[in-house]
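**Q** The structure follows.
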Amino acid sequence: MEHQTNALTRIATSTWGATFRKSRLVYTAVVRPALAYGSPIWFSPEGKEETKPSLIRPLETIQNRCLRTIAGAYKATPILLLESETGILPVRTHFSKLQAQYQLRKQNSPVVGLITSACERIQRQLQGSRGRTRRHPTTPGVQKLAWYQKLLRTNPQSRATTPQSQIDKATHNQWTSNWVRQRNKVPPDKRVAAHVRDTTLKDPHLYDNLYKAKSSLATQLRTEKIGFNAFLARQRVPNVTLDCTCGYLD
C-alpha cells in the first residue's frame, strides 16, 4: 500500500498541489482498489463469519490518513466528518457494497451455476450411498448469499431499478443511517457546521472550483478543527469568535 498512498501524498498537501476533486479521484481510482483487493473473498458482512474488526482497523487507518490528505484536515478532525465531507464510504460499508456486487456477478455467471449443480449432484450421490441425510454446516459462501438476498428484500426492486441500483441504494442508506446515528450522539450545542447538512449525504459541491489552500481552509472551518483556534487560545485574545457556518469561501 505504500506505493499507492505515496501517489496521493506526493501530489497533494494541506496547502498546495492537486485540487480536492482530483485528489479524491486519485484515491478512488488508485488507492482504494488496492485497499479492497480480494475483499469479496475474505470479507463477510454479518453472521458468525463476520470479519473481525482487527482485520478492518489497519485498512481504516490507511483510508483515514488519505482522507486527511484529500481534505487538508488536521488529525483531530473526526473521521465521521471526514467521510461525509469527502463523500467517501466507510471501509466496512464499501466492502459490503463490493460483496453485494460480487454476489450479483456470481448469479449471472453460467460457470457458477454449472459448479453448483455438479456439487449438488455429488452431494445427492453421497447421501444415497450412505443411506441417510446429513446436515451440512452453513459455509461462508452460503451465508454471504443469504445476506445478499436479504439486502435485496429490504430494498425491493421497481420497474425502473436494476439489481445494481438496489445495491447502490442499500449501501448509501446504510451509510446515512450510521452517520445520522453517530451524529445524534453529539449534543446539539457541540455540533459544528459539518454536522448540519442534508442527512442523505448528497454531494453539496462545496469544494468545486476551489484551489487546494481554499478547500483545506473550508474543511477546517466547517469541522472547527483549525490551527487558528489554537493560535487564539495561546494568545488569549478576548471576545474573538470565528463563524464556522460557511459552506464555501468567497
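The values are calculated or read from the model by the stated rules, or taken from the named source; none is laboratory data. A quick note: this is a predicted structure, and the numbers were derived from the prediction, not measured. Ideal geometry is used to build each Cβ from the backbone, glycine not excepted, and the neighbour counts take in all protein chains shown. Quick note on the areas: whole protein, heavy atoms, side chains included, nothing else; ligands and nucleic acids left out. Shrake-Rupley method; radii C 1.70, N 1.55, O 1.52, S 1.80 Å.
**Q** Out of 42, 16, which single residue is among the aromatic types (Phe, Trp, Tyr), farther than 29 Å from residue 153 by Cβ and at pLDDT below 95? Spell out the reasoning first.
**A** Values: 42 fails: farther than 29 Å from residue 153 by Cβ.
16 is the lone residue from the list that is among the aromatic types (Phe, Trp, Tyr), farther than 29 Å from residue 153 by Cβ and at pLDDT below 95.
**Q** Kindly check whether there is at least one residue in the stretch 161-183 that is modelled with pLDDT under 90, open to solvent by 90 Å² or more (accessible area, probe 1.4 Å) and over 18 Å from the mean Cα position of the chain (by Cα).
**A** no
**Q** Condition test on residue 7, is it buried (at least 17 other Cβ atoms within 10 Å of the Cβ) and more than 17 Å from the chain's Cα centre (by Cα)? Walk me through it before giving the result.
**A** Details: buried (at least 17 other Cβ atoms within 10 Å of the Cβ): no; more than 17 Å from the chain's Cα centre (by Cα): yes.
No.
**Q** Among the candidates 203, 198, 243, single out the residue that is within 14 Å of residue 83 (Cβ to Cβ) and either in a loop (DSSP other than H, G, I, E, B) or modelled with pLDDT under 85 (or both).
**A** Unique residue meeting the criteria: 203.
**Q** Here's another thing I want to ask about it. Tell me which residues, restricted to the stretch 70-81, are without any contact (Cβ under 8 Å) to a residue 24 or more places away in the chain and part of a helix (DSSP H, G or I). Steps first, please.
**A** Quick first cut of the stretch 70-81, residues without any contact (Cβ under 8 Å) to a residue 24 or more places away in the chain only: 75, 79.
Hit for the stretch 70-81 is 79, nothing else.
**Q** Taking the condition of being hydrophobic (A, V, I, L, M, F, W, C) and closer than 17 Å to residue 199 by Cβ, how many residues in the stretch 59-87 meet it? If you could, list the steps in order and put the result at the bottom.
**A** In the first step, residues of the stretch 59-87 are kept if they are hydrophobic (A, V, I, L, M, F, W, C); the result is 59, 62, 66-67, 70-71, 73, 76, 79-82.
Next cut, closer than 17 Å to residue 199 by Cβ only: 80-81.
The qualifying residues number 2.
**Q** Are any residues in the stretch 155-190 in a loop (DSSP other than H, G, I, E, B), free of Cβ contacts under 8 Å to residues at least 12 places away in the same chain and within 25 Å of residue 92 (Cα to Cα), and if so, which ones?
**A** Our first condition is that a residue be in a loop (DSSP other than H, G, I, E, B); within the stretch 155-190, this holds for 155-162, 185-187.
Restricting the remaining residues to those that are free of Cβ contacts under 8 Å to residues at least 12 places away in the same chain gives 156-162, 185-187.
Of everything in the stretch 155-190, those that are in a loop (DSSP other than H, G, I, E, B), free of Cβ contacts under 8 Å to residues at least 12 places away in the same chain and within 25 Å of residue 92 (Cα to Cα) turn out to be 156, 157, 161, 162, 185, 186.
**Q** Can you name the residue in the stretch 47-69 that is loosely packed, with under 15 Cβ neighbours inside 10 Å and assigned to a loop (DSSP other than H, G, I, E, B) and, of all such residues, is modelled with the highest pLDDT?
**A** By that ranking, first place goes to 52.
**Q** What number of residues within the stretch 1-22 are among the polar types (S, T, N, Q) and without any contact (Cβ under 8 Å) to a residue 60 or more places away in the chain?
**A** 2
**Q** If residue 96 passes every condition in (1) in a helix (DSSP H, G or I); (2) closer than 28 Å to residue 211 by Cβ but one, which one does it miss?
**A** Against the list (1) in a helix (DSSP H, G or I); (2) closer than 28 Å to residue 211 by Cβ, residue 96 comes up short only on (2).
**Q** Does residue 44 qualify as being assigned to a helix (DSSP H, G or I), hydroxyl-bearing (Ser, Thr, Tyr), surrounded by 13 or more Cβ atoms within 10 Å (Cβ to Cβ) and in contact (Cβ under 8 Å) with a residue 12 or more places away in the chain?
**A** On the way: assigned to a helix (DSSP H, G or I): no; hydroxyl-bearing (Ser, Thr, Tyr): yes; surrounded by 13 or more Cβ atoms within 10 Å (Cβ to Cβ): yes; in contact (Cβ under 8 Å) with a residue 12 or more places away in the chain: yes.
No; evaluated as a whole, the condition is false for this residue.
**Q** Would you check which residues across the stretch 15-35 are of a type in the set (Gly, Ala, Ser) and open to solvent by 60 Å² or more (accessible area, probe 1.4 Å) and list them? So that I can check it myself, show each step before the final result.
**A** The initial filter retains those residues of the stretch 15-35 that are of a type in the set (Gly, Ala, Ser), namely 17-18, 23, 29, 34.
Hit for the stretch 15-35 is 29, nothing else.
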